[in-house]
Amino acid sequence: MDDPQMVRFHRQYMQQIQHPTYPPAKLLLEPDVQEQLYKHFFDGPLKGPATYQRRVLKQIILLIERVIDDPDEDAVSDQLMEHMGYLSTLPTDDPATEASRTQIITYILPEPLETKAPPRILIEEAPNLLAAGSNVGLRTWEASLHLAQYLHSNPALVRNKTIIELGAGTGLVSILAAGPLRATHVLATDGLPHVIQSMAKNIHRNENIILPPASTSIEAKVLDWADHDDPSSLEDTLSLENAECPAYDLILGADITYSPDLVPVLAQLLKVLMTDMWDENSGRRIEALISATVRNERTLSVFREACVERGLVVEEVEYTCPRVKEQRGFFHEQAFPILIMRIWAP
Ligand SMILES: C[S@@+](CC[C@H](N)C(=O)[O-])C[C@H]1O[C@@H](n2cnc3c(N)ncnc32)[C@H](O)[C@@H]1O
């Protein structure tokens, strides 16, 4: 596939985004484009769940049918029509099943659309999960994709750095850092053991982009923010192989500032990591990059205030992410604004 509109559409389809950018109908009408569609989107073992395929193929057929002037000349290909017929025979998930079902989602890195075989990260998750609660870490949230875009555009922030991610959920950002962005070591943490288990499987699933030729290591460990308001309790979790004391450069976090009850403990943990655990002799200074979906301005202010009360500086990073139609990977809508905060101890 060479047409950039088709490449973007295919990348969005692999990520199963709800509202992909359909190429113009006139392009979809072309027989060789329909052949590519069949081959790359629908042929072979089911690429994505039937419900998603059906929704996308239905829209493709609708778009093509709208621009057919002469039915003797133009048509929807037999392959696409037959596949639609096949998909129609498959059972439809009820919304509750669809919301909890896990799938392997392919996140393609936002490389130029001309790049052949850009790196991809495979994440098993429940992409349609809406509810909060203990399963909130079992899907990848928009703030993670936003942070991933930002880091991908600023790779020097990560390269050769030692990184800890808080509330890492499915592990997408940590895997990106450890793999394509070439951090030296990544400790991906989350408060819930079952989230860590599923994250560890995702790390394993992406070993091909993390292991050689990189010399990175990545591990997943439980770290509950509420359990760590003093440095001694953190030493075991943070211990680095081959290092006497923890020496992290960068703390990452995405969509972890959503609960007013949790933001004070999170701010306290940041303070402990940045000041109490800081080794003066290491010459390294820890800073944090936290991306936040602003669902509620109040919660974010509570977080900012909690950081400032603990002597930390919070600054908003200037970054405007392109809209979905212009994104090339890590696709995400911004139903609520997403911002990135840089936090450090002066
Ligand atoms: C909204 S999800 C974000 C997950 C991931 N960063 C993303 O953006 O896709 C919030 C994450 O914070 C984790 N979390 C919630 N409370 C926590 C706590 N007290 N300690 C550590 N992690 C916690 C959840 O398990 C979940 O993985």
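How many residues does the range 158-185 contain that are closer than 17 Å to Met274 by Cα and hydrophobic (A, V, I, L, M, F, W, C)?
3
Counting only residues that are small (Gly, Ala, Ser) and surrounded by fewer than 14 Cβ atoms within 10 Å (Cβ to Cβ), which one in the range 282-303 is farthest from Leu269 (Cα to Cα)?
The extreme case among them is Gly283.
So for the range 315-338 (the condition being out of contact with any Lys or Arg (no Cβ under 6 Å at 6 or more places or on another chain) and under 22 Å from Thr237 (Cβ atoms)), does at least one residue qualify?
no
Here are the criteria: (1) outside any loop (DSSP other than H, G, I, E, B); (2) within 17 Å of the chain's Cα centre (by Cα). Tell me which single one Pro127 does not satisfy.
(1)
Please find, among Tyr22, Tyr52, Tyr38, the residue that is under 21 Å from Leu113 (Cα atoms) and not in a loop (DSSP other than H, G, I, E, B).
Tyr38
Output the residues belonging to the range 57-115 that are among the hydroxyl-bearing types (Ser, Thr, Tyr) and without any contact (Cβ under 8 Å) to a residue 24 or more places away in the chain.
Correct list: Tyr86, Thr89, Thr97, Thr115.
Given the conditions (1) surrounded by 14 or more Cβ atoms within 10 Å (Cβ to Cβ); (2) more than 16 Å from the ligand (Cβ to nearest atom); (3) part of a helix (DSSP H, G or I), which single one is not true for Leu113?
(3)
Taking Phe9 and the conditions (1) under 26 Å from Pro95 (Cα atoms); (2) not in a helix (DSSP H, G or I), which numbered condition does it fall short on, given that it satisfies the others?
Every condition holds for Phe9 apart from (2).
Out of all the residues in the range 129-138, which are buried (at least 20 other Cβ atoms within 10 Å of the Cβ) and not hydrophobic (A, V, I, L, M, F, W, C)?
The answer is Gly137, and nothing else.
Look at the range 167-211 and say how many of its residues are more than 8 Å from the ligand (Cβ to nearest atom) and either among the β-branched types (Val, Ile, Thr) or part of a helix (DSSP H, G or I) (or both).
23
A short reminder: the numbers here are calculations on the coordinates, not readings from a lab. These numbers come from a predicted model, not from an experiment. When we count neighbours, we look across all protein chains shown, and the Cβ atoms used for this are built from the backbone with ideal geometry, even at glycine.
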